[in-house]
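Since the structure comes first, as structure tokens, the remarks are kept for the end.
What follows is calculated from the coordinates using simple rules that are stated; it is not laboratory data. Everything quoted here is computed from the prediction, not taken from an experiment. Quick reminder, even Gly has a Cβ in these numbers, built from the backbone with ideal geometry, and neighbours come from all protein chains shown.
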Amino acid sequence: MFGLVILLAASACEDDRFSFDDPARGPADLVGGQTKVSNGDFFGGNDELPVARPVSDIPDDTAPPNCGTSCEAYCDALQLTNPVNRGVCKSLWGVGLEHQPIVRAEACRRMFVDAIGRFPTRDEVVATCDGKTWGEVAISLINRDDFVRLNKRHWSDRLLYDTQAVSVERIYDMDNLVAKLYRGTIAYDEFAAVVSAHPVLTRRHDTPEDRTDALFATFMGRPPLGTELADMSRLYGTWFNGYYDHPDLGMRLPDAHIQYPCVGEDGEVSDELRASCTSVLWGYHELIFTPDIRSRVDENGNLTMWSGILKAEEWEKLQAPGQLLATQPLFWEKAVDDVLQQYLGYDLGHQVPAVRDELVRYFLEFNGDMRALHFAVMTSIPYLQSTLGNTPTDYRWTFGPHRQVDPETWVDSIREMTGYEISTCDHRLTRPDEFLEAGSLAGVALVERSNWQIRDVDDEGNVRVDYSYRNTVRPLGGCPDNTNGGRFKIISILTTAQQLNFVNQVCDPSFDGNGASIRSLLPRDVSGADNLTPDLAEEIYNYQVGQFLGRLTTEEERAEVREYGEQCSGCTAAAFARPTCFAVLSTAEMLFY
């Protein structure tokens, strides 16, 4: 009877809160209001580009650059405001090294990919970046919903969302928490504290030691030392992996529960066991729960309490592990290193520690506002400079970042540019078929209102999901289900064939009739039936390069395409535009940026 009362109470709570659009349940609801953690007036986006200090010997790559008294005086006199620029000066301009020039279209394209997850068209480059300071460009991209959406996907990769391991309600809740971080309504240290006690982390891992390892890897960038592992594991001994029956979805969902390792058989805290629930390495911190009316004995004979009925003060109590780590300098340094890696693709914070130091101070000055960290890196010289040109050294910060795009970025960009119809996937709902097969209307509604798209309903009334997007990007490493591993990047014969096959479907050079509309491949005033001339061939190519690659064509490209226009005597504009589309979209510029 007691268990039935608890189940009914929990069911009533779920009925009140469950929403097909946002089924989130968890501690994210309890933090982060509408007030921003900083004023958002980030500085450092308008530094005047310095020139290198004249020196007799340019440093090579055999040893770190040595910045002497003259070098330090030179960098101090520049009065740079961007923390990355300040930090890198004594390893760049101060020791006689020049940065590569900033090519506006190249830098703008890079910012679009890294901030909102797709390539811009030429028109977007002009509208967003021309005549604007880099600070204005960065803040305009950071304030977009796509900036939040992209970083939610990044965190789903880090935390390995998997609906077989963690309740879908918890995954949606964590997704909302990440959104608050990147909208600036929660500081990074509070975010980490909530994550440390969130079922997305605690249920994803099995033992207290596993949870401690995962927390350190996520927020410290290293495994815990032996003493740290033993000490913090005591705070994670309260968690227990279990399940609960969802009354709307008609499914048994995996979720975190609370157990009572320091409570004796009489239900009271045992002095003999108290030490096993107490951390002493970072001060004295007890994490002990005692059973109450919400507790019940599960099918394995364990006395537990479902985390779905925890109170706000209990969630806060459970966040001790993350709160303790946030007091450590390495915690903030790891956050800086993560953002540098995200935008630059290499560990500038380790190679030039002064950059990390400056960014940590900047980050804390804005109260742990994650937007500030992204703004500083996006507007820095190491990020904005071109990848092209010769340098007297191979130091990574003397030329711009050059990286491979994520599969979703590649497909989303092509879809946006061509209007080609293809579905999407949803990083929160990694296995939609499980919710459809549960046989509940709520499960179908949840999938329908997610980012997955319904393909059709078969003769037996079964709803089927459109997996065209997932089937395209998953072989390339995207849209992972996170069973045993997550996202990957690879270049191989198989992935190249997959990419070329998709471009062939979009551009339809053989005129099968299933590709993108010809209107998206031609300038506005050109018809597909128009006779091709060298001038028209050049106009079509100029349009596609601007639309797909976001830049102007070169003189060599224009001469070559005019030659093709002459050779294709009697061709129509459509007959030229479709294979041209294939040629442009299959270039390395669409895969690397």
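Observations on the model:
- A crude spin-label estimate for the pair LYS132 and THR554, with each label 7 Å from Cα along the Cβ direction, gives 2.8 nm.
- Cα-based equivalent ellipsoid, segment 175-324: semi-axes from gyration tensor eigenvalues, Å: 24, 22, 14
- According to the calculation over all Cα-Cα pairs in the chain, the P(r) per 10 Å bin from zero is 3, 15, 22, 23, 18, 11, 5, 2, 0, 0 %.
- On Cα atoms only, tilt of 104-116 relative to the major axis of the chain in degrees: 20
- The distance separating the Cα centre of segment 176-203 from that of segment 30-60 comes to 25 Å.
- For LYS132, a cut-off of 26 angstrom between C-alpha atoms picks up these lysines, skipping any fewer than 8 places away in its own chain: LYS36.
- Computed from phi, the 3J(HN,Hα) profile of segment 429-445 under the Karplus parametrisation 6.51, -1.76, 1.60 (θ = phi - 60°) reads 10, 6, 9, x, 4, 4, 7, 6, 6, 5, x, 9, 5, 5, x, 5, 5 Hz, with x in place of Gly and Pro.
- Positive-end ranking of LEU494, TYR564, VAL506 along the dipole of segment 436-564, with charges on Cβ about the Cα centre, is headed by LEU494.
- Value at 222 nm in deg cm²/dmol, rounded to 500, when DSSP H runs of n ≥ 4 in the chain each add -39,500 (n - 2.57): -13500 deg cm²/dmol
- Cleavage-rule hits (chymotrypsin sites (Phe, Trp or Tyr not before Pro)) in segment 253-316: DSSP loop, at most 10 neighbouring Cβ within 10 angstrom: TYR284
- The gain in end-to-end length when the ALA275 to ARG431 segment is fully stretched comes to 52.0 nm, 0.36 nm per residue minus the alpha carbon separation.
- Helix 145-159 and the long axis of the chain differ in direction by around 60°, with both axes built from C-alpha atoms.
- For the pair segment 430-484 / segment 287-355, the C-alpha centres are spaced 31 Å from each other.
- Loop-resident sites, segment 424-504, for chymotrypsin sites (Phe, Trp or Tyr not before Pro), counting at most 15 other Cβ within 10 Å (DSSP): PHE488
- When only the Cβ of Lys, Arg, Asp and Glu is charged (+1, +1, -1, -1), the dipole of the chain relative to its Cα centre reaches about 700 debye.
- Exposed GluC sites (Glu not before Pro) absent - longest run of the chain, DSSP non-H/G/I/E/B, at most 14 other C-beta within 10 Å: 49-264
- Label sites at THR391 and LEU303, each approximated as a point 7 angstrom past Cα along Cα to Cβ, lie 6.3 nm apart.
- Note on segment 407-476: Cα-only Rg and Dmax are 13.0, 38 Å.
- Loop-located trypsin sites (Lys or Arg not before Pro) across segment 523-593 with a Cβ neighbour count of 11 or fewer within 10 Å are ARG524, with loop assigned by DSSP.
- Extension gain, ILE293-ARG252: 0.36 nm per intervening residue step, less the Cα-Cα distance, totals 12.5 nm.
- Over segment 493-590, volume per residue of the alpha carbon convex hull, in Å³: 101
- Amide H contacts under 5 Å for ARG118, placed H, 5+ residues apart: VAL113
- Around the amide H of TYR243, modelled in the peptide plane, lie the amide H atoms of ASP255, all under 5 Å away and 5 or more residues distant in sequence or on another chain.
- Spin-label model, ILE493 to ASN143: label points 7 Å out along the Cα-to-beta-carbon direction sit 5.2 nm apart.
- Distance between segment 215-235 and segment 556-593 - C-alpha centres, whole angstrom: 55
- Taking amide hydrogens as placed 1.01 Å from N in the peptide plane, the amide H of VAL263 sits under 5 Å from those of SER270, each at least 5 positions away in sequence or on another chain.
- Cβ-derived FRET efficiency at R0 51 Å, ALA529 paired with SER38, nearest 0.05: 0.35
- Ranking of VAL465, VAL194 by neighbouring Cβ atoms within 10 Å, starting from the fewest: VAL465, VAL194.
- Couplings 3J(HN,Hα) of segment 402-412, computed from phi: 9, 9, 8, 6, 5, x, 5, 4, 5, 5, 4 Hz, in residue order, whole Hz [Karplus 6.51 cos²θ - 1.76 cosθ + 1.60, θ = phi - 60°; x for Gly and Pro].
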